[in-house]
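As structure tokens, the structure follows; a few thoughts come after it.
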Amino acid sequence: MSQSLELLLIQVLMPDNDARRQAEEQIKRLAKDPQVVPALIHHLRTAKTPNVRQLAAVILRRKITGHWAKLSSQIRQLVKSSLIESITVEHSPLVRRASANVVSIIAKYAVPAGEWPELFPFLFQCSQSVQEDHREVALILFSSLTETVGDTFQAHFADLQSLLLKCLQDETSTRVRVAALKAVGSFLEFTSAGADVVKFREFIPSILNVSRQCLANGEEDVASIAFEIFDELIESPAPLGDSVGSIVQFSLEVCSSKKLETNTRHQAIQLISWLAKYKSNALKKNKLVVPILQVMCPLLAEAAEEDEEDEDSDLASDRAAAEVIDTMAVNLPKLVFPPILEFASLSIQQVNPKYREASATALGVVSEGCFELMKDKMEPILHIVLGALRDQEQMVRGAASFALGQFAEYLQPEITSHYEIILPCILNSLDDASDGVKEKSYYALAAFCENMGEEILPFLDPLMGRLLATLQNSPRNLQETCMSAIGSVATAAEQAFVPYAERVLELMKIFMVLTNDEDLCSRARATELVGIVAMAVGRMRMEPILPAFIEAAISGFSLEFSELREYTHGFFSNVAEMMDDGFAQYLPHVVPLAFSSCNLDDGSALDIDDSDDDENLNGFGGISSDEDAHDEPRVRNISIRTGVLDEKAAATQAIGMFALHTKSSYAPYLEESLKILVKHSSYFHEDVRLQAITALKHMVTAAQEVYQGHNDGPTKAREVLDTVMKICIKTMNDDDDKEVVAQACLNVADIIKDCGYMAIEPYMHELVAATLLLLQEKSACQQAESDSDDDDTSHDEVLMDAVSDLLPAYAKSMGPHFGPVFAKLFEPLMKFARASRPPQDRTMVVACLAEVAQEMGAPIGSYVNVQISFEIPIPCFVLI
């Protein structure tokens, strides 16, 4: 075999395509025999040309897994020693690397079995060789071995860290430093123990030095490894210590350099976003917020200097900078808002329109995080944004429309009080010459109207005239945004929307039968809008015409479009709420659809990298990719199809709404629904968990109706209640999302209200413990980042409002018997009444005390003399 194989290897490397294909086919046949392994080893050691030796190693790498167990111990030893020899004496870097790849594959089987004890000592010896080539290939092998035998390195971890640090500082070889950088990335990705991760902090100065050298030499792909390493360090719970300053400085240098590739700069900006998300207190402690904003804010104005193609790219610097500013605003609002307002005030006066655009954009992106601070500065903020809405440049007007939409979402209710000046401005911008500005203006209109009530009535006729005209004579993207705006108007106007409902519904019929792929987003929006209009006009007007819309909605499930299914589940939820028990007739048609969406595959997608530099280098990949290859591909990235998640969340919500509104008619579906919701209550994504927790409360309501009058009814209803209570308590303690935990608290309060104390008595001890943990801010969802030594008093207002609702619920169900329980909760509650706390905290405490006093009665007297440092009046009945 050896002689014929040599000729075939040479033939594969020939330029003649036909000859090469014939050789590849013959090698594939020969490679099915285990004896191909010693033959390939022979050519790896003896072939005269490096290309043939490299090709032998490449084929060996692909075939060794399938043949290793069939080889005798003598042949195995020959293979191992030959590979070590190749790595040690081979002159060609490509052949050495190809041999190292084979070592990594064999090690996966030989090292755990104790068949290669000399491998690690050899690598340590090789990494300290005077020869640069040896040091480099040893580090390359250390990197690749983490993927196959990483667990085995645990015993050598301290020695490996010392070795890697030494190689990062190698003064004689850039190649060794780069290989060490890659090895550090591999080991850090494998390392999970916080104590081990902390040890990598001392590598940071050397990593930065190597990265700067690589950038100076044009090796941006290598420097990007540093960002991957820093990503791992940042996401680890281990603190970064003083190194955060040098990491930020390096990142700012990179993202400010227009000479670098867009992808490299984006990595630098993204790293700062991770720091703001995971290590925000470290940025605060090291006074890095203002230096970061001084770079990020000008980046908002950079896109005009890039190519047109880059402006729409997800990697564009302005978009990435906006993400950083948004994340910082959410986590550090008090430090972010003053410099942002200053930047916006100055930039709106700039001649360069990109800076005027950046002014409005900056105010828009910080509105979620800085909402409390912005509410106190509404006049200067609106002066900037409404002025930008009248700017001569469309990019500035578009940014202003976007900002108004953000304000409408996050600055409630204060922003709505300015409707008399804002709404006419938005109406004017609907006639803008630019479709892009129009689309953003419809978004702003939709967001603004959603939170209006009767204030919208004077604007209703001109609004609907404009919206209906747009709906009939605009491109699809504008029509979709227009539908969203009509939905918001209908929600705000309620019965006043009735005169416009018929025309809107007639138009929606047209959209709800579209089947072309490019029209399905519009169909989804139309389906959603019909549900919203139905809620606004009510059952009496909708019930006669509803069947046609239900039929069209159900038919959409055959089109295999996740977003349409998501919006259709929302439509069914709205219709169930409007129809109440009248929706029961549709349950056999819609519940199976909801179950189907709930049981969809999660949609995980693996980005597989089965390429090999050695194989593709000389065009001989064909031999090594046949059906007999057993190598496991490398997973580069895992992504989730968010459409599937949104569909699952909508379907989960629908199940709860069906049960709540049809009650006893939901009996045939109750058991299966409960199974799905229990499963989804521990789902990996918080949106699905939130809907599951909400729906579980509705299962309790439905179960009480379903089992009423049954012989074993009380027992079965109790089983449902027990299941839901256990999940709620577990969620309160263990879930890491504040909104999900808040919903669990609301569930418990509602169950107490509906079912009374006897229903929750068996769980009272666990409930009090969970409530105490939340008041002490020690539950899983309240864990602060580990590198913070600040006494950060910030918390989620929605969460603590929900927690504070529990105490009055306990008091109402227990009366005076709540006294001993309240004694445990009183001091932790009073922490929120300190003068240093924000006003909404102290208001929360006053409201909670007032309700508890009213329900608990006499035992509240023992708390009358407690001195509380309120800056707001306490209702007198609290002290009765």
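Mind checking the range 412-518 for chymotrypsin sites (Phe, Trp or Tyr not before Pro) that DSSP puts in a loop (not H, G, I, E or B) and that have at most 14 other Cβ atoms within 10 Å? Counting only loop positions with at most 14 other Cβ atoms within 10 Å, none of the chymotrypsin sites (Phe, Trp or Tyr not before Pro) in the range 412-518 qualifies. Solvent-accessible area of His765, all protein chains in place: 150 Å² (probe radius 1.4 Å, heavy atoms, ligands and nucleic acids excluded).
Farthest toward the positive end of the dipole of the range 1-116, out of Ile106, Ala23, Ser92, is the Cα of Ile106, where the dipole comes from beta carbon charges about the Cα centre. Among the chymotrypsin sites (Phe, Trp or Tyr not before Pro) within the range 664-748, those in coil by DSSP and having at most 12 neighbouring Cβ atoms inside 10 Å are Phe684. Net charge dipole, the chain: roughly 1620 debye, given to the nearest 20, about the Cα centre with Cβ charges of +1 for Lys and Arg and -1 for Asp and Glu.
Direction-averaged projected area, Cα convex hull, the range 1-116: 6.7 nm², rounded to one decimal. Which FRET efficiency value, to the nearest 0.05, do you get for Leu13 and Glu202 by plugging their Cβ-Cβ distance into 1/(1 + (r/R0)^6) with R0 = 56 Å? The computed FRET efficiency comes out at 0.75. Expressed as a whole percent, the accessible area of the range 1-116 that falls on carbon and sulfur atoms is 52 (1.4 Å probe).
Surface analysis of the chain yields an accessible area of 44 Å² per residue, using protein heavy atoms and a 1.4 Å probe. In this structure, Lys726 and Gln783 have a Cβ-Cβ separation that, at R0 = 22 Å, corresponds to a calculated FRET efficiency of about 0.45. Going by accessible surface with a 1.4 Å probe and the largest first, Thr146, Thr843 read Thr843, Thr146.
Total lysine pairs in the range 1-116 at Cα distances under 19 Å, for residues eight or more apart or on different chains: 9. Note on the range 433-475 and the range 372-389: Cα centroid distance 21 Å, given to the nearest whole angstrom.
Between the Cα long axis of helix 2-12 and the first principal axis of the chain there is an angle of about 60°, rounded to the nearest 10. Listed by chain and number, the lysines whose alpha-carbon sits under 16 Å from that of Lys675, ignoring those within fewer than 8 places in the same chain, are Lys648, Lys697, Lys716, Lys726.
State which entries of Lys258/Lys375; Lys166/Lys259; Lys166/Lys284; Lys730/Lys753 exceed 27 angstrom in Cα-Cα distance in the structure shown.
Long pairs (Cα-Cα over 27 Å): Lys258/Lys375; Lys166/Lys259; Lys166/Lys284.
Among 800-809, 471-480, 289-298, 512-521, the peptide with the highest mean count of other Cβ atoms within 10 Å heads the list, and the full ranking is 800-809, 289-298, 471-480, 512-521. Seen from every direction in turn and averaged, the convex hull around the alpha carbons of the chain projects onto 44.3 nm². The Cα center of the range 525-565 and the Cα center of the range 676-749 differ in position by 28 Å. Against the chain, whose longest principal axis comes from its Cα atoms, helix 667-680 is set at around 50 degrees. Helix 243-256 axis versus longest C-alpha principal axis of the chain: approximately 90°, rounded to the nearest ten. Given all pairs of different Cα atoms, what value in angstroms does the Kirkwood hydrodynamic radius of the range 358-437 take? Its Kirkwood hydrodynamic radius stands at 12.4 Å.
The values are calculated or read from the model by the stated rules, or taken from the named source; none is laboratory data. In this text, all values refer to a predicted model and were calculated from it rather than measured experimentally. Using ideal geometry, Cβ is built from the backbone for each residue, glycine included, and neighbour counts are taken over all protein chains shown. Note: areas computed on protein heavy atoms with side chains; ligands, DNA, RNA excluded. Shrake-Rupley method; radii C 1.70, N 1.55, O 1.52, S 1.80 Å.
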